[in-house]
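Colleague: Provided herewith is a single structure, encoded as structure tokens, for subsequent inquiry.
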Amino acid sequence: MQSNKKIFSGRYGRAVSFLLSCIVVFTLHCKFEISGGGFPESTLLNTLNKLYNSFTPVYYADLVVLFAIWKLFDHVFKKEDRIDIKTAVLSLLMSVLLVTCISFHKFNSSVFILGSGFQFILSVFCMAGFWILIYLTLKSLFFLLEKERVIKKPEGKQSVYVKHFQLFGFLIILAGWLPWILMNYPGTSCPDGNLQLRQFLGDAEWAAGHPPLSSVIMGALFTFGRWIGDANFGFFLYCFFQTCVGAWIFTYSLKKLLDMGIPSGWCTVGILFFAFTPFWGTYAQWFEKDLLYAEIAALQVVFLMEVIRKKSCSIKDGMLLAVSGILASLLRNNGIYAVVPSLAVLAVWLKKKDRKRVLLALLSTLAAYTLVVHGLYYGIVDMARPSVGEAMGIPFLQTARYVVYYEDELTEYEREVIDRVLSVDGMNSYNPVDSNPIKGWYRGAELGEYFKVWFQMLWKHPGCYVSAFINKGFGYLAPVSQNIEAWIGLDYYEYDKELGIHHVFGSEPSEALAQIWHLSMTLPLVKYLCSPGLYTWIMLVLALALRKHRKFGGLVLFVPSFMNFLVCLASPLADAMRFAMPMVATVPMMIGWTFYCLHREEADKV
């Protein structure tokens, strides 16, 4: 039987690979729109018209893309003379997921796939094109990761840059972020940050909807800055603080890779990613809690990496894990859900005294979290506890979608139970990509009977529930949408103005930054850096590369990212970058870690 290598390298094989490359190019030109056609009286003409309206025009640049994909076939099948079944299956699943998420992103339903016979055939064609492209890309990435290289720690004389990498990296990231704050001085206000500042200053009631520790840091820095300068400087001081913390931590994560033997070139790429990818700068100038939490979460992953690398946990390591875990748990309400599983899995993987030290760090984190949150916040301060409805975004949205699509099928009993918990009339505010409007209708009732009704409706229309879930998570499941969310504010809230916060340099610099903000989500290639789903896919590919080579110890480090992904799916929005930032902040480090696990001389011990 002729091998794949001969098939794709011979005359017949090159023709096949050329044809498959054409399918990929046509897929990339699909508009992913629904066309009704203009000739209802003729099936043939109507189909041809739909086909014409389904693709964008082809340009000369497409010949370059076609040639590149064709050469990619040669690259892949010269290195491996057979189709990798596991990678092929993964590629197929990713292509189906991609087209499905595109449909929900554009139409809030699967209509692009199942709207008609023509749509089904078109979607299958696009799935085939993406399947080919994803398979070739994955194989090329696996080849790159698996490329033979001995990992060695830096030895002998080092350049000034490598020797002082922490300082240079810190200054480069600082130089990349400071213009965003200075040009938009003192920064951008947002509803969450505004409320937290009001809480600290005593102009709003304290509540656990936002982590009080974050509010204290914001308010304390603002108050100190206002005391030594003015309100503008106080506002700026928090933005500058999270900028310096992020510049140091992100550089530190890459410095650890450098010390482990990862080439300085890759570490530099990571520094440039943090310094000059626009969304990092927009978050640096945003008076909000998410960037600081992502920075501390990334720091804990660095400490986890050090323990996994050594396969031991010293007293110092345990203390660092505990401190970073406590801070991460208190800087975001759902932070505890990433910290606990990460430390628990690490403890299971380690042995004897090392396991005990990690367990001690875990128990310390839980004890501090319980003492501060349930003892101090809810007990002494008598702070309002978060509503149970905050964690019910997905089931509430599924109920809302069911009511909107199948209201005529609701029984009186179902209507009564739903209305007791939410509001049947309030279901008109259903937004498929945002659970906040529906959660706002939660009336505080017991949920036992509601879930009985929820399950009954699930069995009647399971597709409705699946659609609601995909619709609320497409941005994290696949790279189909861009939503930085940390906008550039051209004005301030009335409360901010009353405090004396105002733009110093007028509107022109802020408007220029706002245009860069928009461009970063629309420019070809660059826009994918603002897609949360891209980073989900990167993590998936890296984890599978380790799984393929049975580096199970290395997979322990992926637990925080996996938990962050689950948090994103349960979050209020379908594609917000701020919820995925803890995972995004560790991507350069995780790429280096994967390469390290695959190539260090004692890699089989991990």
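The values are calculated or read from the model by the stated rules, or taken from the named source; none is laboratory data. Given the structure is predicted, the values throughout are model-derived calculations rather than measurements. Quick reminder, even Gly has a Cβ in these numbers, built from the backbone with ideal geometry, and neighbours come from all protein chains shown. We work out accessible area using only protein heavy atoms, side chains counted, and drop any ligands, DNA or RNA first. Shrake-Rupley method; radii C 1.70, N 1.55, O 1.52, S 1.80 Å.
Colleague: Taking into account only those residues within the range 416-439 that are within 19 Å of F474 (Cβ to Cβ) and not charged (D, E, K, R), which is most open to solvent (accessible area, probe 1.4 Å)?
Modeller: My answer is N436.
Colleague: For the range 285-295, does any single residue satisfy the condition of being of a type outside the set (S, T, Y), assigned to a helix (DSSP H, G or I), free of Cβ contacts under 8 Å to residues at least 60 places away in the same chain and closer than 19 Å to R332 by Cβ? Write out each step before concluding.
Modeller: Of all residues in the range 285-295, those of a type outside the set (S, T, Y) come to 285-292, 294-295.
After this cut, where a residue has to be assigned to a helix (DSSP H, G or I) as well, the list is 290-292, 294-295.
Now narrow it down to the ones that are free of Cβ contacts under 8 Å to residues at least 60 places away in the same chain: none.
Scanning the range 285-295, I find no residue that is of a type outside the set (S, T, Y), assigned to a helix (DSSP H, G or I), free of Cβ contacts under 8 Å to residues at least 60 places away in the same chain and closer than 19 Å to R332 by Cβ, so the answer is no.
Colleague: Out of V381, V302, report the one residue that is touching a Phe, Trp or Tyr at 6+ places or on another chain (Cβ under 9 Å), modelled with pLDDT of 95 or more, among the β-branched types (V, I, T) and closer than 27 Å to V216 by Cα.
Modeller: Numbers: V381 fails: modelled with pLDDT of 95 or more.
V302 is the lone residue from the list that is touching a Phe, Trp or Tyr at 6+ places or on another chain (Cβ under 9 Å), modelled with pLDDT of 95 or more, among the β-branched types (V, I, T) and closer than 27 Å to V216 by Cα.
Colleague: A further question follows. Go through Y413, Y442 for me and flag whichever is surrounded by fewer than 20 Cβ atoms within 10 Å (Cβ to Cβ) and part of a loop (DSSP other than H, G, I, E, B).
Modeller: Going through Y413, Y442 in turn, the sole match is Y442.
Colleague: Shifting gears a bit: Name the residue that is farthest from H105 (Cα to Cα), counting only residues in the range 405-444 that are charged (D, E, K, R) and either touching a Leu at 6+ places or on another chain (Cβ under 8 Å) or touching a residue at least 60 places away in the same chain (Cβ under 8 Å) (or both). Full working, then the answer.
Modeller: From the range 405-444, those charged (D, E, K, R) are 407-409, 412, 414-416, 419-420, 425, 434, 439, 443; that's our starting set.
Applying the additional criterion that residues be either touching a Leu at 6+ places or on another chain (Cβ under 8 Å) or touching a residue at least 60 places away in the same chain (Cβ under 8 Å) (or both) yields 434, 439, 443.
Numbers: D434: 13, K439: 21, R443: 30 Å.
So the residue we want is R443.
Colleague: Out of the range 468-497, which residues are surrounded by 21 or more Cβ atoms within 10 Å (Cβ to Cβ) and assigned to a helix (DSSP H, G or I)?
Modeller: Once the filter is applied, which keeps residues that are surrounded by 21 or more Cβ atoms within 10 Å (Cβ to Cβ) and assigned to a helix (DSSP H, G or I), the range 468-497 yields A468, I470, N471, F474, G475, Y476, L477, D496.
Colleague: Let me ask something else. Taking the range 56-80 on its own, how many of its residues are open to solvent by less than 60 Å² (accessible area, probe 1.4 Å), within 32 Å of the chain's Cα centre (by Cα) and within 12 Å of S140 (Cβ to Cβ)?
Modeller: Within the range 56-80, residues that are open to solvent by less than 60 Å² (accessible area, probe 1.4 Å), within 32 Å of the chain's Cα centre (by Cα) and within 12 Å of S140 (Cβ to Cβ) number 5.
Colleague: Kindly indicate the residue of the range 383-410 that is of a type in the set (S, T, Y) and more than 21 Å from F474 (Cβ to Cβ) and also surrounded by the fewest Cβ atoms within 10 Å (Cβ to Cβ) among those meeting that condition. Working first, answer last.
Modeller: Filtering the range 383-410 down to residues of a type in the set (S, T, Y) leaves 387, 399, 402, 405-406.
So of that shortlist, the ones also more than 21 Å from F474 (Cβ to Cβ) come out as 387, 406.
Working: S387: 15, Y406: 13.
Among them, the one singled out is Y406.
Colleague: Then there is this: Can you spot a residue in the range 531-549 that is among the basic types (K, R), open to solvent by 50 Å² or more (accessible area, probe 1.4 Å) and out of contact with any Leu (no Cβ under 7 Å at 6 or more places or on another chain)? Break it down into steps so the answer makes sense when it comes.
Modeller: To start, the set of residues in the range 531-549 that are among the basic types (K, R) comprises 547-548.
Keeping just the survivors that are open to solvent by 50 Å² or more (accessible area, probe 1.4 Å) gives 547-548.
Applying the additional criterion that residues be out of contact with any Leu (no Cβ under 7 Å at 6 or more places or on another chain) yields 548.
Scanning the range 531-549 turns up at least one residue that is among the basic types (K, R), open to solvent by 50 Å² or more (accessible area, probe 1.4 Å) and out of contact with any Leu (no Cβ under 7 Å at 6 or more places or on another chain).
Colleague: Of the conditions (1) open to solvent by 10 Å² or more (accessible area, probe 1.4 Å); (2) touching a His at 6+ places or on another chain (Cβ under 9 Å), A220 fails just one. Which one is it?
Modeller: It is condition (2) that A220 fails.
Colleague: Something else: Anything in the range 266-284 that is within 16 Å of K527 (Cα to Cα), surrounded by 18 or more Cβ atoms within 10 Å (Cβ to Cβ) and not hydrophobic (A, V, I, L, M, F, W, C)? List them, or say none.
Modeller: P278, G281, T282
Colleague: With F118, F77, F130, F104 as the choices, which residue is over 30 Å from L44 (Cα atoms), among the aromatic types (F, W, Y) and part of a helix (DSSP H, G or I)?
Modeller: Numbers: F118 fails: over 30 Å from L44 (Cα atoms); F130 fails: over 30 Å from L44 (Cα atoms); F104 fails: over 30 Å from L44 (Cα atoms).
Answer to the check: F77.
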